[in-house]
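Beneath this line is the structure, given in structure tokens, with notes to follow.
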Amino acid sequence: MRVVVWIREFLVGHTQRVRVGGQLPEEVSVTSGVPQGSILGPLLFLAYINDIWRNTWSAIRLFTDGCVIFRETVNNNDVERLQIDLGRLREWAVENGMKINPGKSKAVSFTRAQVNDLLNYSLLDQVIQEASSCKLLLLLLVFSPWAGLGRDHSSVRRLV
């Protein structure tokens, strides 16, 4: 029980202010989030989103500031399942009071196959922008037709 009290005291009662043009306004209360730059913040975030994967067919990887959902897509059924899983992520966010920003998401296809159709995924009724690369923490993922991905006609689609 002491840990809960300690975490609560860590999270509540913070104020902040931002200097603008040499002016330093009065402090305002921070009503959500964790103190920026804290070591405990990312750990609390991971504990908070730890069950985000439930009821999904696709693989999900958790990071200190977000997650990646991906799956191999061999046919249209796989594409539909990934879109259904995006809907389940939305449901999870609503249930847990978490806001998702679809504008920060990217759809990337990694394949050696000739694919002419565009990726058409959406999150919160907003189309996820297709990209040829994405940053994942310090890792830069880039589409390359020469990448060894196993079967020639399969692809892995990542939504970041």
Kindly provide the set of residues from segment 46-84 that are among the aliphatic types (A, V, I, L, M) and under 15 Å from Met98 (Cβ atoms), ordered by number.
Leu46, Ala47, Ile49, Ile52, Ile60, Leu62, Ile69
What's the total number of residues in segment 38-59 that are within 22 Å of Asp125 (Cα to Cα), open to solvent by 60 Å² or more (accessible area, probe 1.4 Å) and among the polar types (S, T, N, Q)?
1
Return the residues of segment 20-37 that are of a type in the set (Val, Ile, Thr) and either surrounded by 10 or more Cβ atoms within 10 Å (Cβ to Cβ) or over 22 Å from Asp65 (Cα atoms) (or both); say none if nothing qualifies.
Val20, Val28, Val30, Val34
I'd like to know if segment 60-79 contains one or more residues that are crowded, with 17+ Cβ neighbours inside 10 Å, at pLDDT below 85 and either more than 30 Å from Leu118 (Cα to Cα) or touching a Pro at 6+ places or on another chain (Cβ under 7 Å) (or both).
no
Residue check: is Glu91 over 17 Å from Ser58 (Cβ atoms), more than 13 Å from the chain's Cα centre (by Cα) and acidic (Asp, Glu)?
no
Being within 27 Å of Arg8 (Cα to Cα) and not aromatic (Phe, Trp, Tyr), is that true of even one residue in segment 109-124?
no
Of all residues in segment 1-19, which are in contact with a Leu (Cβ under 7 Å, 6 or more places away or on another chain) and open to solvent by 100 Å² or more (accessible area, probe 1.4 Å)?
Arg17
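The values are calculated or read from the model by the stated rules, or taken from the named source; none is laboratory data. This one's a predicted model, so the numbers in the text were calculated from it and none came from an experiment. Glycine also receives a Cβ, built like all others from the backbone with ideal geometry; neighbour counts cover every protein chain displayed. What goes into the accessible areas is simple: the full protein's heavy atoms, side chains included, and nothing from ligands, DNA or RNA. Shrake-Rupley method; radii C 1.70, N 1.55, O 1.52, S 1.80 Å.
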